[in-house]
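Chemist: After the structure tokens below, expect a handful of questions from me.
The values are calculated or read from the model by the stated rules, or taken from the named source; none is laboratory data. Because the structure is predicted, anything quoted here is derived from the model rather than measured. Ideal geometry is used to build each Cβ from the backbone, glycine not excepted, and the neighbour counts take in all protein chains shown. Note: areas computed on protein heavy atoms with side chains; ligands, DNA, RNA excluded. Shrake-Rupley method; radii C 1.70, N 1.55, O 1.52, S 1.80 Å.
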Amino acid sequence: MSDPSRPYEAASPPDSGNAGQPAAGGLRAAAGAFAKSLGAAPWSAWFGLAVIAVYVIVAVFAPLIAPYGESEVVGAQFSPWSNAFPLGTDNLGRDTFTRLIYGARNTVGIAFVTTCLAFIIGGGAGLLAATVGRWLDQFLARAVDVLMAIPQLIFAMLLLTIFGTSVPTLIVIIAVLDSTRVFRLARAAGMNVVVMDFVEVARLRGEGLGWVVRREILPNILPPLIAEFGMRFCFVFLLISSLSFLGIGIQPPTADWGSMVRDNAILITYGDITPLLPAAAIALLTVGVNFVVDWFLHETSGLHDES
Amino acid sequence: MMNRENMSDPRDDVVLEMRGLRIEGQNDAGWVEIVKGIDLTLKRGEVLGLIGESGAGKSTIGLAALGYARPGCRISGGVSLFDGADLNVLSEDELRRLRGVRIAYVAQSAAASFNPAHRIIDQFVEVATLHGACDAATARQEAVALYRKLRLPDPETIGDRFPHQVSGGQLQRAMVAMAMACRPDLIVFDEPTTALDVTTQIEVLAAIKDVVRDFNTAAIYITHDLAVVAQLADRIMVLRYGELVEEGETRRVLERPNAAYTRELLASGAARRVGSHVGRAILEIGDVSAAYGASKVLHDVSLSVAEGTTVAIVGESGSGKSTLARVVTGLLPCTGGTVRFDGEELKPTLRERSSVLRRRIQLVHQTPDTSLNPRQRVDEILGRPLTFFHGMTGAARKERMVELLDQIELGEAFLQRYPGELSGGQKQRLCIARALAAEPDLIICDEVTSALDQLVARGILKLLMRLQEELRVSYLFITHDIATVRAIADEVVVMHQGRVVEQGPKEEIFVPPHHAYTELLLASVPQMDPDWLDTIRQTRMAPAQS
Amino acid sequence: MGNILTLVLKRLALGVFVLWIVSLIIFLGVSMLPGDVATEILGRSALPETVAAFRRELGLDLPLHVRYLDWLSGLLSGDLGNSLANGRAISELMGERLGNTVFLAAVAACVAVPVSLMLGLLTALYRGSLFDRLTNLVTLTWMSFPEFFVAYILIMFLSVQLGWFPSLSTMRPGNGFGEALHLAALPALTLTLVVAAHMMRMTRAAIISVLASPYIEMARLKGATRYSLIVRHALPNALAPIINVVAVDLAYLIVGVVVVEVVFVYPGLGQLMVDSVQRRDVPVVQACSLIFAATYVMLNLIADILSILTNPRLLYPR
């Protein structure tokens, strides 16, 4: 159980006094504590951070790194690995290495945008429900219960059938579906803080909803929300990859890891591991993010296992 | 069950002997010593009181008497001889054979320490049969006999209930019965009455005293309350920061304490000037009723608070005293009656009240840990009400904050700190300063000292009284602690089950004749006198069942 | 006991209500389809008269609530409508596939549940040991793999290189149990691996939180044996959270079936749904969604009811 009454990290005394920006000061102190505990992070967390950094660099500089254009047909179908095509070519004769690099940009980018959107919708609604309470809370909570009664992948498939499979619809549908999970967490975490006496003090003072949410509640539920962001990203990333793999996610000719596996899966039966590379790329990033989240949760929960 | 061995054998007279016991606890920095070389000897049939404030290491020592250290703690030195064997070196299996049979434990919270999945009597039978002492049927009879001896209601059937179906005081007695199952040589009582109301506490204390005496069991009784330990212990050890402060026979320690710290603990609360002010009433509550949903918790409560005075509302849990505070602050709309503040009728909800009214009535909560936002620095905690109510900014605000910190006896250096870096007492002072920042006429203090250690609490009371003299602020002081009432109140209101049973100036309330409930309440508060419990039990014809 | 019965009945009623809302969402969602199913199938170049005739045939000219009630009463009587793609009755299309999917999920669950509960228990008991830490890293890694990655790795090693199992699970009605098991081995193993990691971690967390309770400390101080500590004191209290974990993961398994079936070309419900989504065969997608959702709701309902039945606070009210 997390205890919001206690700071998740013994906050170090901040250096400069800036009474005008107290909340920022709080964040700065938290960031300082974060940096301090980074030094003592286990190798798995370092590994995760390194993986994430590499993916970000590849995604940002994709056009500079990739030898060919994203959907440029450059050779024969299914060419083997060679100097010209480091990882061979795919079923249409496009360079696999190039598509792998562009995939970082597309697959990861879309998943990231989707997760952000899910957090804005779910986090906002969850905090509102926790703070306002009463009928709004009841209504939102029941609505989310019903939405969550349908398995996500199935619901996504149903909605994609109805609305079609363009990238914006994909993002919106997955974000809305996933925001239900964010809503639950934000609401539960928010509820734990709302019952605290310091929130009552703010209410007694006559503070508005905005102040209570931003200054009193949000700073106290940031750690679990950040951890949740990592986990939701992994989930969304895997979900979108699965949909793409099933042929109903990101559509050709956009380079995307899920559909790359699908298009070239036939090679596996001949013992060629090339189609596994995009799948491995997905797995590696998810592993990296999960390692970082695991360490972060361990740090922030204050649950240092005794041994 | 187990036959007591020959008690006259002098070699067998010492049950437990600890020499140079050291225990370490783990924190962020590593292992820190929390018990620093304690010597302790306990004879058969003797009750030893371990007394101290939080952080004294008393519970840790108590658990070490069972050869147990909580997760995150380790026994790092010394010997604990029980029946010739050193508990600190015995294997887990050997310890297991001692625990429950020859050394038993009674925990602070029986509600948390009974397994919620099993019936009470089954948990008794488990201990009795675990080590092959007897069969289940005999154990059941034994349990019923003990329940009867401990004066539990319906001793035949109470054991068939689940823990959640039994009240706290009864559960605590059932736990004492469980500890007695195998007639152990030693029982460790770890604050068994701390969570109970005074009228319930007295029953449990009496029960413990009886069984320990009748079975000639040695006991370690751990508590922070000297008056409680005075009733039970033959000898007292006063502990502070894991070290022994003073040890001696109970009467001697109470009457002629050697150490300054013991004297401080014994000193009664800060005395208050007598003579109440007859001033203008600032708060008038008339026939107020309130309810949570369908259950009515306040019935026609009337009282008034005069300017610059303190009215203490005293009552046990469920008396409705905190609900009254919620009604006055506007957190809970009343269902009937009126609340007038400075002559003006208060609107039932917070939303309808003006900013000025919200400023003039301030609330200080019980637990400082939860009433300060751990993510805000002291300068924001204090600065916000200054900006919000008085529009202060910049240097003027800073100056006022320093002034407020001075008033609560903390310095300017605290401005840059987070609540997590303050002690419990400092936090509560900060809460008071935050209330003062609004420049209120009335501060509602909701059990402001009950989460604090005795000496710290006394400091807070002194501070509140000094502030009242300086600022002429009124207090509505809610508490369950009679000693606190004696220390701080001008007027006293006694509440029971949502009704006011008696009210008047302190001098009158504490002088007989009392209302029946006030009588019970006052008589249940343990006194420093070691004979108090026996006397009170003789005067009471039939003990009230909790 | 009457109290418990009302509680259980309430949950059941809630479950039915949720299912009804789900059916409403599934039905209304489709009616929001841009354009119309008829135009969708016949193409934009179709003559208006043809479209109108087709609409009548499909019953699309009727008002929404009439169509919904028709659809719902059809569902309740086992008539799921006809496929747009080939006009066959959906119940007929599904019959055998549903059985195949249930078989696959059941095989996976039979392996995954006991194995992960055991592992969860062991890692919780030996918390902080090398075994625990290693399991933590492995399961965390494993959980991060997409299902199709796990599936293809298994194909690569167990099918292509070692040749123990077929890489395509071509189930046929005439297959014996042993043969079916052999064919379903790889997909079942994939599902097991994907679900077990999560289930194990959750079980571990549930047991650890129970082991931290004061009554466990009390039991130790009463001299309870290690066995009694776990079986008598911890397990009854960990039961409700563990039941929940199992339910969540079985529900996840149902969803995981979709991807796994596609990889192994396993003739199950998941594959039917994917095919129909690609063809935009709306009635089939609706029916499949409803069946998946109903299973999901049911699993959660069972978990709910079981945790009521294992909670003495609810069984024996004050």
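Chemist: Out of the residues in the range B:120-151 that are under 18 Å from B:F215 (Cα atoms), part of a loop (DSSP other than H, G, I, E, B) and open to solvent by 10 Å² or more (accessible area, probe 1.4 Å), state the one that is farthest from the other protein chains (Cβ to nearest Cβ).
Modeler: Of everything passing the filter in the range B:120-151, B:R151 is farthest from the other protein chains (Cβ to nearest Cβ).
Chemist: Of the numbered conditions (1) farther than 30 Å from B:R384 by Cα; (2) crowded, with 22+ Cβ neighbours inside 10 Å, A:F198 fails exactly one; give the number of that condition.
Modeler: Condition (1) is where A:F198 drops out.
Chemist: Quick check on the range C:205-217. Is at least one of its residues in a helix (DSSP H, G or I), out of contact with any His (no Cβ under 9 Å at 6 or more places or on another chain) and surrounded by 24 or more Cβ atoms within 10 Å (Cβ to Cβ)?
Modeler: Scanning the range C:205-217 turns up at least one residue that is in a helix (DSSP H, G or I), out of contact with any His (no Cβ under 9 Å at 6 or more places or on another chain) and surrounded by 24 or more Cβ atoms within 10 Å (Cβ to Cβ).
Chemist: Looking only at helices (runs of 4 or more DSSP H) that fall completely inside the range C:252-318, which ones have 1 or more residues that are open to solvent by 30 Å² or more (accessible area, probe 1.4 Å) and under 30 Å from B:P163 (Cβ atoms)?
Modeler: In the range C:252-318, the matching helices (runs of 4 or more DSSP H) lie at C:282-309, C:312-315.
Chemist: Considering the range A:228-250 alone, what residues qualify as being among the aliphatic types (A, V, I, L, M) and not in a loop (DSSP other than H, G, I, E, B)?
Modeler: A:M231, A:V236, A:L238, A:L239, A:I240, A:L243, listed by residue number.
Chemist: So B:C445 clears everything in (1) at positive phi; (2) buried (at least 18 other Cβ atoms within 10 Å of the Cβ) except one condition, right? Which one?
Modeler: Status for B:C445: all satisfied but (1).
Chemist: What residue, among those in the range B:282-328 that are touching an Asp or Glu at 6+ places or on another chain (Cβ under 8 Å) and in a helix (DSSP H, G or I), is least open to solvent (accessible area, probe 1.4 Å)?
Modeler: B:A325
Chemist: Let me ask something else about it. Can you run down the residue pairs with Cβ atoms below 7 Å, 6 or more apart or on separate chains, where the first is in the range C:278-294 and within 7 Å of chain A (Cβ to nearest Cβ) and the partner is polar (S, T, N, Q) and part of a helix (DSSP H, G or I)?
Modeler: C:R280/A:T161; C:V282/A:T161; C:V285/A:T161; C:V285/C:S276
Chemist: From the list C:I153, C:I216, pick out the single residue that is touching a Leu at 6+ places or on another chain (Cβ under 9 Å), of a type in the set (A, V, I, L, M, F, W, C) and closer than 26 Å to A:D263 by Cβ.
Modeler: Every option except C:I153 fails the conditions.
Chemist: Tell me the residue from A:G249, A:G271, A:G258, A:G288 that is under 25 Å from A:I120 (Cβ atoms), at pLDDT below 85 and facing another protein chain (nearest Cβ under 9 Å), please.
Modeler: Numbers: A:G249 fails: facing another protein chain (nearest Cβ under 9 Å); A:G271 fails: under 25 Å from A:I120 (Cβ atoms); A:G288 fails: at pLDDT below 85.
Going through A:G249, A:G271, A:G258, A:G288 in turn, just one is under 25 Å from A:I120 (Cβ atoms), at pLDDT below 85 and facing another protein chain (nearest Cβ under 9 Å): A:G258.
Chemist: When you look at C:E96, is it assigned to a helix (DSSP H, G or I) and touching a Pro at 6+ places or on another chain (Cβ under 9 Å), yes or no?
Modeler: Yes, satisfied.
Chemist: Same structure again: Would you pick out the residues in the range B:74-98 that are assigned to a loop (DSSP other than H, G, I, E, B) and surrounded by 14 or more Cβ atoms within 10 Å (Cβ to Cβ)?
Modeler: Hits for the range B:74-98 are B:D83, B:L87, B:N88, B:L90.
Chemist: Please note which strands (runs of 3 or more DSSP E) are completely contained in the range B:157-257 and include at least 3 residues that are surrounded by fewer than 20 Cβ atoms within 10 Å (Cβ to Cβ) and not β-branched (V, I, T).
Modeler: Those strands (runs of 3 or more DSSP E) span B:243-249.
Chemist: Output the residues belonging to the range B:399-409 that are buried (at least 19 other Cβ atoms within 10 Å of the Cβ) and either closer than 18 Å to B:D453 by Cβ or within 12 Å of chain A (Cβ to nearest Cβ) (or both).
Modeler: Result: B:M401, B:I408.
Chemist: Do the conditions hold for B:I38, that is, is it more than 9 Å from chain C (Cβ to nearest Cβ), surrounded by fewer than 23 Cβ atoms within 10 Å (Cβ to Cβ) and among the aliphatic types (A, V, I, L, M)?
Modeler: no
Chemist: Hey, among B:Q503, B:Q527, which residue is open to solvent by 40 Å² or more (accessible area, probe 1.4 Å) and assigned to a loop (DSSP other than H, G, I, E, B)?
Modeler: B:Q527
Chemist: Pairs, please: C-beta under 9 Å, at least 6 apart or cross-chain, first residue away from chain B (no Cβ under 11 Å) and in the range A:205-216, second among the aliphatic types (A, V, I, L, M) and in a helix (DSSP H, G or I)?
Modeler: So the pair list comes out as A:L209/A:L128; A:L209/A:V132; A:V213/A:L127; A:V213/A:L128; A:V213/A:A130; A:R214/A:A23.
Chemist: Considering the range C:110-155 alone, what residues qualify as being within 15 Å of A:L284 (Cβ to Cβ), surrounded by fewer than 19 Cβ atoms within 10 Å (Cβ to Cβ) and among the polar types (S, T, N, Q)?
Modeler: C:T141
Chemist: Let me ask something else about it. Under the condition of being assigned to a loop (DSSP other than H, G, I, E, B) and without any contact (Cβ under 8 Å) to a residue 24 or more places away in the chain, which residue from the range A:124-154 is surrounded by the most Cβ atoms within 10 Å (Cβ to Cβ)?
Modeler: Among residues in the range A:124-154 that are assigned to a loop (DSSP other than H, G, I, E, B) and without any contact (Cβ under 8 Å) to a residue 24 or more places away in the chain, the one surrounded by the most Cβ atoms within 10 Å (Cβ to Cβ) is A:I150.
Chemist: Then there's this: I need a count of the residues in the range A:139-165 that are modelled with pLDDT of 85 or more and of a type in the set (S, T, Y).
Modeler: 0
Chemist: Another one. Of the conditions (1) more than 13 Å from chain A (Cβ to nearest Cβ); (2) closer than 25 Å to B:K506 by Cα, B:C334 clears all except one; give me its number.
Modeler: Every listed condition holds for B:C334 apart from (2).
Chemist: Among the candidates A:G210, A:G190, single out the residue that is of a type outside the set (A, V, I, L, M, F, W, C), surrounded by fewer than 19 Cβ atoms within 10 Å (Cβ to Cβ) and assigned to a helix (DSSP H, G or I). Talk me through it step by step, then tell me what you get.
Modeler: Details: A:G190 fails: surrounded by fewer than 19 Cβ atoms within 10 Å (Cβ to Cβ).
Just one listed residue meets the conditions, A:G210.
Chemist: In addition: Does the range B:456-478 include one or more residues that are within 21 Å of the chain's Cα centre (by Cα), on the phi < 0 side of the Ramachandran plot and among the hydroxyl-bearing types (S, T, Y)?
Modeler: no
Chemist: Being more than 11 Å from chain A (Cβ to nearest Cβ) and open to solvent by 10 Å² or more (accessible area, probe 1.4 Å) is true for just one of B:R360, B:R384, B:R417. Which residue is that?
Modeler: It is B:R360.
Chemist: Output yes when any residue across the range B:298-305 is touching a Gly at 6+ places or on another chain (Cβ under 8 Å), at pLDDT below 90 and under 20 Å from B:G504 (Cβ atoms), and no when none is.
Modeler: no
Chemist: Which residue pairs have Cβ atoms closer than 6 Å, lie 6 or more positions apart in sequence or on different chains, and pair a first residue in the range B:460-489 that is basic (K, R) with a second residue that is open to solvent by less than 10 Å² (accessible area, probe 1.4 Å) and outside any helix (DSSP H, G or I)?
Modeler: Close Cβ pairs satisfying both conditions: B:R472/B:G308.
Chemist: Suppose we filter C:L181, C:L158, C:L186, C:L137 for residues that are of a type in the set (A, V, I, L, M), touching a Leu at 6+ places or on another chain (Cβ under 6 Å) and part of a helix (DSSP H, G or I); which single one remains?
Modeler: Result: C:L186 is the single residue among C:L181, C:L158, C:L186, C:L137 that is of a type in the set (A, V, I, L, M), touching a Leu at 6+ places or on another chain (Cβ under 6 Å) and part of a helix (DSSP H, G or I).
Chemist: Return the total of residues in the range B:152-168 being more than 14 Å from chain C (Cβ to nearest Cβ) and among the small types (G, A, S). Write out each step before concluding.
Modeler: We begin by selecting, within the range B:152-168, every residue more than 14 Å from chain C (Cβ to nearest Cβ); these are B:152-156.
Then keep just the ones that are among the small types (G, A, S); that gives none.
Counting residues in the range B:152-168 that are more than 14 Å from chain C (Cβ to nearest Cβ) and among the small types (G, A, S) gives 0.
Chemist: Follow-up question, since we're still on this one. Could you check B:P71 against (1) open to solvent by 20 Å² or more (accessible area, probe 1.4 Å); (2) at pLDDT 90 or above; (3) in contact with an Asp or Glu (Cβ under 6 Å, 6 or more places away or on another chain) and say which number it fails?
Modeler: Every listed condition holds for B:P71 apart from (2).
Chemist: Considering (1) part of a loop (DSSP other than H, G, I, E, B); (2) at the interface with chain A (Cβ under 10 Å from one of its Cβ atoms), say which one C:W164 fails and leave the rest.
Modeler: (2)
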